[in-house]
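The values are calculated or read from the model by the stated rules, or taken from the named source; none is laboratory data. Bear in mind that the values here come from a model prediction, so they are computed numbers and not experimental data. Positions of Cβ are backbone-derived with ideal geometry, glycine not excepted, and every protein chain shown enters the neighbour counts.
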Amino acid sequence: MDESADISLLVQLVKKQPVFSQLTNKEIEELVSLFTEIKVAAEEKIVKEGDPVDSIYLIASGTADVRHVSIKDGNPEVSSIAILSAGDAIGLNETGFYSISGKRTATVVALTEMYLFRLSVAAFHGFSLAHSHVSEVMHKHAEDMMNEKS
């Protein structure tokens, strides 16, 4: 992919995320500039359960397995809880950045070679400080989503 194709794809991926749906085109353009593209090999861990949430990822291509470790009869048991593919996000849900503890709630392992776009939480916080209404928009969106579910 060339750079303009990458940017166009990233804009589509960002717009697909419900949490970013209220941003203006100009804000999306600025947010997109904060992402970096990374390539991940099959079987590589993208994030590990228990690690700090320091970034989110948007999947451009490939598939990944979301795995959770639980203890059963004193032994660790790994279970697959979801398969993610192009268009999905890691570390982001429809109401925003999640994990109240600030820790990853699952391990995500690439099943195939993957291309991801990474956004650091620090870069996003800088973006939201520069655009004071972004946090308000995201909180309002999260409230609306929670109200729809109740």
Segment 54-98, residues that are modelled with pLDDT of 90 or more, among the acidic types (Asp, Glu) and not in a strand (DSSP E or B): Asp54, Asp88
Of all residues in segment 1-33 being more than 16 Å from Gly91 (Cα to Cα) and assigned to a loop (DSSP other than H, G, I, E, B), the one that is modelled with the highest pLDDT: Ser33
Those residues of segment 66-97 which are touching a residue at least 40 places away in the same chain (Cβ under 8 Å) and closer than 26 Å to Ser21 by Cα, in sequence order: Val66, Gly87, Ala89, Ile90, Gly91, Leu92, Asn93, Glu94, Thr95, Gly96, Phe97
Per-region count, segment 40-64, residues surrounded by fewer than 17 Cβ atoms within 10 Å (Cβ to Cβ) and either out of contact with any Asp or Glu (no Cβ under 7 Å at 6 or more places or on another chain) or on the phi > 0 side of the Ramachandran plot (or both): 11
Complete set of residues in segment 36-53 that are assigned to a loop (DSSP other than H, G, I, E, B) and among the hydrophobic types (A, V, I, L, M, F, W, C): Ala41, Ala42, Val53
Cβ-Cβ under 7 Å pairs, at least 6 apart or on other chains, segment 6-27 side closer than 19 Å to Ala130 by Cβ and surrounded by fewer than 17 Cβ atoms within 10 Å (Cβ to Cβ), far side among the acidic types (Asp, Glu) and modelled with pLDDT of 90 or more: none
Close pairs from segment 116-128: first without any contact (Cβ under 8 Å) to a residue 24 or more places away in the chain, partner part of a helix (DSSP H, G or I) and of a type in the set (Ser, Thr, Tyr), Cβ under 9 Å, at least 6 apart: Ser128/Ser135
